Number of protein chains: 2
Amino acid sequence: MNLSTTERSTIRRGAHRARTDRADLHAVLDAGLVCHLGMQVDGSPRVLPTAYGRDGDTLYLHGSTGARSLRAADERPEVCVTVTLVDGIVYARSLFHHSVNYRSAVVHSRARRVTDPDEVWRALRVITEHLAPGSWEHARQPDRKELAATAVVAVDLREASVKVREGGANDDPEDVAAATAWAGVLPLRRSWGEPVPNPDLPPGTEVPSHVRERRWTG
Amino acid sequence: MNLSTTERSTIRRGAHRARTDRADLHAVLDAGLVCHLGMQVDGSPRVLPTAYGRDGDTLYLHGSTGARSLRAADERPEVCVTVTLVDGIVYARSLFHHSVNYRSAVVHSRARRVTDPDEVWRALRVITEHLAPGSWEHARQPDRKELAATAVVAVDLREASVKVREGGANDDPEDVAAATAWAGVLPLRRSWGEPVPNPDLPPGTEVPSHVRERRWTG
């Protein structure tokens, strides 16, 4: 299924880097850890890092019911949600062709505050499984008071664009021929480090496998 | 020197995580690689990943003169520039206290298109040294045509906030006592991988030291 091409989701700069398949959008969203949620607040733009999870073509965000950006969702504001993964630095023979390898997804939607208890529960599960796979079954699930303190917002993925830059430097032929500088990519790697147990765990508590064996999959 | 506390730069949620020293702002900005630039475009918010560099209390962004978001800077629009580093996932005994360790900087400013040739040159150097330290001296510097194709935007760092979450899980005492789940942090590590030389380099070209010896410093 193809991504929409509305006015604001049409990539104009570097159009050859646009991906048009919905599977590419899902892949970028699934690979990221946090998104950047942008909306207009009191007449000026605000961009905040936010946890999320994806369920089909819905993105769920959550936070405290006290958070202004999430409370604002009651009024179905326009939001832009962007997820970016930096994959490497592209060194070119010319500074002009230096670049960054990355994958990014930009979603335009009206935010919708989720109030149906079943959908809230499903959204929290999806967000948990995105941030901390395995925790939904392992940890204590939210009680009524905690649910009341949690705001969940849904963002529709219908209007979105995806951009991917990969591969080496694209220098001008004269610079390639002159061969006075190096060109190539320095990849940026991500990995999970050694788990750091909380000091207030009972002595001898083992790190559970969903934490110990987690692998970076982005 | 302290950070401003204007209405929109005052952290309300998790105020204990706010950092108020300007040095903390500089540290987060210097540690990040790309920022998320938010602004209102045709009545809806837009958030785009963008390269940047810092010179004192000015952030410089650059891009193609064809990029709408940078062209818009001619009209000094309000922007929000956010830099986020995810440092780890916090596993708690309760799902409610699951969290993310992170450092983030949120800057509010009007964008200013840089037109003075000396400032453009300085800005490009600052951006290059941020993304690819050592490249300014190693690679071919921009010529007149390339400069004409590059838009540089300045963002003032006066109005900004910084938030840092670090350390383990903060569970409720009952959950700590029950000890039915693990708690702790799974750190997210970043590192530079092995350089991948461009296939069109002359055979035997060595990887220069500014690439080969680059260490992740974020």
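The values are calculated or read from the model by the stated rules, or taken from the named source; none is laboratory data. In this text, all values refer to a predicted model and were calculated from it rather than measured experimentally. Positions of Cβ are generated from backbone atoms using ideal geometry, with glycine treated the same way; all protein chains shown enter the neighbour counts. For accessibility, only protein heavy atoms count, side chains too; no ligands or nucleic acids. Shrake-Rupley method; radii C 1.70, N 1.55, O 1.52, S 1.80 Å.
Tabulated values for the structure
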read-out	value
Distance between modelled label sites at A:R158 and A:E137, nm, 7 Å Cα→Cβ extension	3.6
Vicinal HN-Hα couplings computed from phi for the range B:77-92 (Karplus, 6.51 cos²θ - 1.76 cosθ + 1.60; Hz; Gly/Pro x)	x, 5, 10, 10, 10, 10, 10, 10, 10, 8, 9, x, 9, 9, 8, 10
Descending semi-axes in Å of chain B, equivalent ellipsoid built from Cα gyration tensor	36, 25, 14
For A:S94, distant residues with modelled amide H under 5 Å away	B:R140
Other-chain or far-sequence residues with amide H under 5 Å of A:I89's (modelled H)	A:N101, A:L186, A:L188
10 Å Cβ neighbours from other chains, averaged over peptide B:78-88	5
Computed over the protein assembly as shown, Kirkwood Rh from alpha-carbon pairs, angstrom	22.7
Vicinal HN-Hα couplings computed from phi for the range B:168-177 (Karplus, 6.51 cos²θ - 1.76 cosθ + 1.60; Hz; Gly/Pro x)	x, 7, 10, 7, 5, x, 5, 6, 5, 5
Eligible lysines near A:K163 by straight Cα distance, threshold 28 Å, same-chain separation 8 or greater	B:K145
Average beta carbon contacts from partner chains per residue of B:167-179, 10 Å cutoff	3
GluC sites (Glu not before Pro) lying in DSSP loop within the range B:94-192, provided at most 13 other Cβ fall within 10 Å	B:E166
For the range B:24-84 and the range B:192-218, distance of Cα centres in Å	28
Prolate/oblate/rounded label for the range A:104-159 (Cα gyration tensor, a/c 1.5)	oblate
In order through the range B:182-189: 3J(HN,Hα) via Karplus (6.51 cos²θ - 1.76 cosθ + 1.60), integer Hz, x for Gly, Pro	7, 9, x, 10, 9, x, 9, 9
Cα point-scatterer Debye curve for the range B:64-112, base-10 log of I(q)/I(0) at q = 0.15, 0.23, 0.27, 0.33 Å⁻¹	-0.60, -0.84, -0.96, -1.09
Gyration tensor (alpha-carbon) shape descriptor, the range A:47-147, a/c threshold 1.5	prolate
Average beta-carbon neighbours from other chains, 10 Å sphere, peptide B:123-133	2
Degrees between helix B:117-131 axis and first principal axis of chain B (Cα, 0 to 90, nearest 10)	50
Cα-based helix-to-principal-axis angle, B:22-31 vs chain B, degrees rounded to 10	70
Buried solvent-accessible surface, both chains (B, A), 1.4 Å probe, Å² to nearest 100	7100
Carbon + sulfur, % of accessible area of the protein assembly as shown - ligands and nucleic acids excluded, 1.4 Å	49
Ordering of A:28-38, A:177-187, B:54-64 by packing [mean C-beta count within 10 Å, highest first]	A:28-38, B:54-64, A:177-187
Contact order normalised by residue count of the range B:1-66, Cα under 8 Å, 6+ apart, percent	20
Average accessible area per residue (Å²) across chain B - probe 1.4 Å, nucleic acids and ligands excluded	44
